[in-house]
1. Tell me, which residue of segment B:154-169 that is buried (at least 24 other Cβ atoms within 10 Å of the Cβ) and either within 22 Å of the chain's Cα centre (by Cα) or in a loop (DSSP other than H, G, I, E, B) (or both) is nearest to the other protein chains (Cβ to nearest Cβ)?
2. Working only within segment A:142-153, note down all residues that are assigned to a loop (DSSP other than H, G, I, E, B) and either touching a His at 6+ places or on another chain (Cβ under 8 Å) or more than 19 Å from A:Thr68 (Cα to Cα) (or both).
3. Against the conditions (1) among the hydrophobic types (A, V, I, L, M, F, W, C); (2) at pLDDT 95 or above; (3) in contact with a Gly (Cβ under 9 Å, 6 or more places away or on another chain), where does A:Ile321 fall short? Just the number, please.
4. Restricting to segment A:443-462, and then to whatever is within 14 Å of chain B (Cβ to nearest Cβ) and touching a strand residue (DSSP E or B) at 6+ places or on another chain (Cβ under 7 Å), can you tell me which residue is farthest from A:Gly305 (Cα to Cα)?
5. From the list B:Arg11, B:Arg78, B:Arg87, exactly one residue is at positive phi, in contact with a helix residue (DSSP H, G or I) (Cβ under 9 Å, 6 or more places away or on another chain) and basic (Lys, Arg). Which is it?
6. Looking only at segment B:513-527, which residues are within 7 Å of chain A (Cβ to nearest Cβ), touching a Leu at 6+ places or on another chain (Cβ under 9 Å) and assigned to a helix (DSSP H, G or I)?
7. Go through segment B:88-102 and count every residue that is in contact with a Ser or Thr (Cβ under 9 Å, 6 or more places away or on another chain) and among the aliphatic types (A, V, I, L, M).
8. Just the residues that are on the phi < 0 side of the Ramachandran plot and among the small types (Gly, Ala, Ser), please, taken from segment B:447-468.
Number of protein chains: 2
Amino acid sequence: MLWSGWGDPARATPLPESVVGLLRDLLGVRPVEAPPLTLDEVVVPPSRLPEAALAALADAVGAEHVRTDDEARVRHTRGKSTPDLLRIRAGRAEDAPDAVVLPGSHDEVLAVLAACAAHRVAVVPFGGGTSVVGGLAPTGLAASGLTAFAALDLRRLDGLVELDEVSRTAVFQPGLRAPRAEELLRERGYTLGHFPQSFEWATIGGFAAARSSGQASAGYGRFDGMVVGLTVATPAGTLDLGRAPKSAAGPDLRQLVLGSEGAFGVITSVRVRIRPVPDARAYEGWRFPDFAAGSTALRALAQDGPLPTVLRLSDETETMIGLADPSGVGAELSASGCLVVLGLEGTPDEIEARRARIHDVLTGLGGEPLGAEPGEKWEHGRFNAPYLRDALLDVGAFAETLETAAFWADIPALYAGVKRALTDTLAGSGTPPLVMCHISHVYPSGASLYFTVVSAQGPDAVPHWEKAKHAANDAILAAGGTISHHHGVGTDHRDWYARETGPLGMAALRAVKDALDPSGILNPGILIPPAAEE
Amino acid sequence: MLWSGWGDPARATPLPESVVGLLRDLLGVRPVEAPPLTLDEVVVPPSRLPEAALAALADAVGAEHVRTDDEARVRHTRGKSTPDLLRIRAGRAEDAPDAVVLPGSHDEVLAVLAACAAHRVAVVPFGGGTSVVGGLAPTGLAASGLTAFAALDLRRLDGLVELDEVSRTAVFQPGLRAPRAEELLRERGYTLGHFPQSFEWATIGGFAAARSSGQASAGYGRFDGMVVGLTVATPAGTLDLGRAPKSAAGPDLRQLVLGSEGAFGVITSVRVRIRPVPDARAYEGWRFPDFAAGSTALRALAQDGPLPTVLRLSDETETMIGLADPSGVGAELSASGCLVVLGLEGTPDEIEARRARIHDVLTGLGGEPLGAEPGEKWEHGRFNAPYLRDALLDVGAFAETLETAAFWADIPALYAGVKRALTDTLAGSGTPPLVMCHISHVYPSGASLYFTVVSAQGPDAVPHWEKAKHAANDAILAAGGTISHHHGVGTDHRDWYARETGPLGMAALRAVKDALDPSGILNPGILIPPAAEE
């Protein structure tokens, strides 16, 4: 993973000159003047890890699995939000962990937690490092009497532990990256079917801890819906959850761990349901006259079926910019209306039967079929948007995303409110943006909205974005939406999350945290406000 | 609701003489000698409610909504398990609430909780009163410093608050009984699709608090999957949960309330997703050579589809007895193999298309179609089993049910283990039983098992049953099952629930309880062991 951006540096693709020109003419994007830094130019503060803690960690996992060198620390600094990238590109690593610890088993995770509790060192679980919500940058350490923090990198816990073909479930270790998990399943004829945009780098444990949702969620569901069992190492001991797909034995404690973002414990194994690899896949595009008509069509499929496996709708601006295919951005400026991308999986016969019924629904609601090409272009570029962001940052543009979900009745006002908040705030800061949106996850009772913002970077890009993002967060809550549909809470959404959840909900979460993590070493300030700030 | 049994006394149906004879010959059932008691013969202990508490409750809800008369107290004593019925039929009401309180609003519930916290009176939320797991009989009051307990009957909170046709959701008050909820929805063209055996008497709030699952769960899902929003009155204030169908904003706190059985708060409104009333329904029967073959067929439909709306498989004994149709019990003694009942809903075309595909699957796996009659008989008698139990108790038989769920790979050992535990224990007590079983809820990764036990009652029926039930509970945990798939925990399953959940899981639940119910007045000893016993 590129320390200053996304993914494999060999796959970086500069923007075509035509797009750079467009960005200049449309948004006033000006070239970045400073040349890019190299990793060894990043300013890393001295490690605060006490000697005794270092020795205890070496005891827990072996000295070779405790790293305090600058490179390891920079590579575990913050996550992959645009502010994260702009800070690290500016050479700022003040949020670097004081050490990186790589446990090799559940018991070693328990030993690390015990060592850190004894030495007052905070622990931040680290999977793919792909958080875009500040989920890897703890806060309030000093106020909590913590001396340092360690990134708990789970990459050594990367096995497929069990594949139960009768129950159609697989048990994975948390540090396994998603492409390798798919590979291991495919060797046996199965798939998980979980393909979020972070797919190429994210891990099984991260999916669970942050309630990930993938691009094929219409067909395969969300990750939290795939999980049927969890093992969790906490400072107070081990939780083993999930004896059946569903139960009436009290509250579903799996759902208390899913979305807990490492604040309650470290997920050390995940049992998920799996499915046979489909025989065939087919993608296609549709055009609707506007976002409202397209939303109505998606709602019809979500409520009355049949649902395809992939279903997404771009608004007018996103359709015009052609963002559904990052490699062809700007090529479609003549495109009008709103693009719908459909993906279908199954046997060829099943695909045909379902396609025919879907065509009837979409045609009846004003859709115009565009054939396979727009769908296949989307599929081809589906994991490329983070690379596109790097290229935009390189040429002096600012690009970031945010997302929410709500009940269908609230979607129009939510869409308008967030768009207005982003546009007004960034225009007020002197960097009027392009704001694009798509719906990519639908349910019978509601849907998600995913916004992409592009503007000129300007010298104060991070504080200007924070102002705009806060306005968008306020707009989300005002319109009845949730502060995140699949990115999570981290530190960035924490204050709005607390407002959404209410003081009593937060008190319940705090009580669980105190029971499982009595010394407060796990992810301080992530998800749950630091005790010192309450 | 009949105080000493189930439902509407006008619908009670005595057993045919032929069945009584069979019970005598097969199980040694002997007539009950004592004549049935009338309600006013039940011995009700004096109310322990302090005068000051009575006054405070009258202030909270109005004096006319606080009842301390014997009849009201008997009608709120315990639930509808067979031991509950045998105890009340024996005139024992030592678990009667000291008062019955009927709040008329969310705020009145909050006021009742405040009054009870101030006066150290426990509160037991009461919906339909249909608990079969001791969910209405709190324990450990004295040890917790509580002077009395009040049943909080929610029947006045019985409204449809909102129907959102765009989002396809409805908001109900908790005390609304299910048939009336269906009626209110049907007036607008919708259905909830939730039909547990307790349907005719159970309430919306009870479904949520106890994670109910209905007979059409294959098509409509479990109740906890239908809930998208909840309002909860707790002694510490109000929780408002659910701004979107799904969210990544932390753990799903709705799932902490669902299944909490009143131990954390009183559910005062429930937002559920609804569906259009189907155009048509069709039921039919299939025969499989044995339970293993039938299970394989159900698993195939659950994993690879298509799923019908109703799907259940009776084992050989249940098929022979004809229990799928309580009105025809004993009429099918010549039936061999295992009966599958299928229900299909939709437009006639959809039903036909799905039926054809299901027939292909079932035929390929050794099933033999029996036509519509067995399915229609099941549908006709679907809510009658509790009446049948009353009739069995009347003639001196003992009849009770229990249920569990597990992953598919564990189902065969779970089935054998529970059956053996019940048979051996009851035979050892001198009342060898008939043990019948069915699968009525399937998932891609597992299924539920529902056991029905019939034996002679004998003079020590309750302690004998408790011994058998404890052995079955042990067998469930030993085989990897969950202690309940849809009946819940209550007091009856509490110890096994604690074993299943583990000390750390229980500590998390206790922490939540302490945060939401700091004075410990809600359902003491239900779900969570009394603090005094820890």
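The values are calculated or read from the model by the stated rules, or taken from the named source; none is laboratory data. Computed from a predicted structure; not experimentally measured. Counting neighbours? That spans all protein chains shown, and the Cβs are built from the backbone with ideal geometry, glycine included.
1. B:Ser167
2. A:Gly145, A:Thr147
3. The failed condition is (2).
4. A:Tyr450
5. Answer to the check: B:Arg78.
6. Residues satisfying the conditions are B:Ala515, B:Leu516.
7. Residues in segment B:88-102 being in contact with a Ser or Thr (Cβ under 9 Å, 6 or more places away or on another chain) and among the aliphatic types (A, V, I, L, M): 5 in total.
8. The answer is B:Ala447, B:Ser448, B:Ser455, B:Ala456, B:Ala461, B:Ala468.
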